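Working notes, beginning with the structure itself.
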Amino acid sequence: MITLALSKGRIFEETLPLLKAAGIEVLEDPETSRKLILTTNQPNVRVLVVRATDVPTYVQYGGADLGITGRDTLLEHGSDGLYQPLDLQIAKCRISVAVRSDFDYATAVKKGSRLTVATKYVAISRDFFAAKGVHVDLIKLYGSMELAPLVGMADAIVDLVSTGNTLKANQLVEVERIMDISSRLVVNQAALKLKQAPIRKIIDAFAAAIGQ
Ligand code: PRP
């Protein structure tokens with residue numbers, strides 16, 4: 001049995017064509033089904049539906065042989081012991097700093113004043129601002145980061161930006177791009193040894209599908 005861990009939403013949707021290239025079709029839709037283990041047209045391949053931030057953990061502990069997760073998640077939560085053969089170039093977005101449109105970010109950063117930053121990306125934010133020599137107080141949030149500057153809780157947020165619509169809808173502006181994000185294929189090292197042929201077949205099919 002080959003087990004692939006995926007998260008619902010954009011990563012799931014954008015993985016379907018890659019799976020198809022590998023001859024795998026998921027037979028259930030995680031948006032309508034409550035099932036967490038989805039069957040495929042291949043009797044020996046199944047898909048686990050997990051939280052995006054849990055994908056590396058499932059693969060690390062062998063609950064899944066393979067997983068697909070964002071570079072943001074791997075950087076924030078660590079990727080110890082995971083083999084990362086491919087950048088799949090899917091679910092592309094960026095991690096950026098955003099502030100209220102009336103906040104003078106450039107001056108605040110230049111003056112060396114302390115900046116309060118709300119984010120779920122605490123490690124990425126700490127590294128980014130430390131490299132710039134900016135002092136930050138970080139407030140850890142788990143979602144809806146856009147609210148924090150609006151209610152005066154933070155000067156800035158660090159969050160994923162894709163179309164920019166969420167920022168715009170909340171009168172926030174992107175002031176700095178920290179890094180580009182896309183999703184990676186991660187593989188359990190032991191599974192790679194024990195189930196080498198079927199896992200290699202999937203890696204090779206994905207690589208061919210993305211032109212690598
Ligand atoms: C992400 C991110 C932003 C939004 C950006 O949230 O946190 O809120 O998408 O996308 P946009 O630039 O296209 O508007 P997501 O919907 O993934 O949910 P989350 O809050 O759980 O991260």
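The values are calculated or read from the model by the stated rules, or taken from the named source; none is laboratory data. Nothing here was measured: the structure is a model prediction, and the numbers come from that model. So basically every Cβ, Gly included, is an ideal-geometry build from the backbone, and we count neighbours across all protein chains shown.
The table below lists the values:
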{"read-out": "Qualifying strands (runs of 3 or more DSSP E) (wholly inside segment 37-98; at least 2 residues being farther than 19 Å from Arg10 by Cβ and in the same structural domain as Asp204 (by TED's automatic domain parsing))", "value": "37-39, 45-49, 82-87"}
{"read-out": "Hits in segment 101-147 (condition: more than 26 Å from the chain's Cα centre (by Cα) and either assigned to a strand (DSSP E or B) or among the polar types (S, T, N, Q) (or both))", "value": "Ser101, Thr107, Ser113"}
{"read-out": "Checking Thr119 against (1) among the hydroxyl-bearing types (Ser, Thr, Tyr); (2) within 12 Å of the ligand (Cβ to nearest atom); (3) farther than 26 Å from Pro56 by Cα, the condition it does not meet", "value": "(3)"}
{"read-out": "Any hit, segment 124-140, residues being touching a Leu at 6+ places or on another chain (Cβ under 8 Å), among the basic types (Lys, Arg) and either more than 24 Å from Thr15 (Cα to Cα) or within 16 Å of the ligand (Cβ to nearest atom) (or both)", "value": "yes"}
{"read-out": "Yes/no for Val59 being in contact with a Gly (Cβ under 6 Å, 6 or more places away or on another chain) and within 22 Å of Val161 (Cα to Cα)", "value": "no"}
{"read-out": "Subset tally (residues that are more than 9 Å from the ligand (Cβ to nearest atom), among the small types (Gly, Ala, Ser) and in a helix (DSSP H, G or I)) for segment 150-170", "value": "0"}
{"read-out": "Extreme residue, surrounded by the fewest Cβ atoms within 10 Å (Cβ to Cβ), among residues of segment 171-186 that are away from the ligand (no atom under 14 Å from the Cβ) and of a type in the set (A, V, I, L, M)", "value": "Met179"}
{"read-out": "Subset tally (residues that are surrounded by 15 or more Cβ atoms within 10 Å (Cβ to Cβ), out of contact with any Lys or Arg (no Cβ under 6 Å at 6 or more places or on another chain) and modelled with pLDDT of 95 or more) for segment 98-133", "value": "17"}
{"read-out": "Unmet criterion (only one of (1) within 22 Å of the chain's Cα centre (by Cα); (2) modelled with pLDDT of 95 or more) for Gln212", "value": "(2)"}
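A quick yes/no check of all residues on (1) without any contact (Cβ under 8 Å) to a residue 12 or more places away in the chain; (2) within 15 Å of the ligand (Cβ to nearest atom); (3) farther than 22 Å from Ala190 by Cα:
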| position | (1), (2), (3) |
| --- | --- |
| Leu6 | no, yes, no |
| Glu13 | yes, yes, yes |
| Gly23 | no, no, yes |
| Ser33 | yes, no, yes |
| Thr40 | no, no, yes |
| Arg46 | no, no, no |
| Gly62 | no, no, no |
| Asp65 | no, no, no |
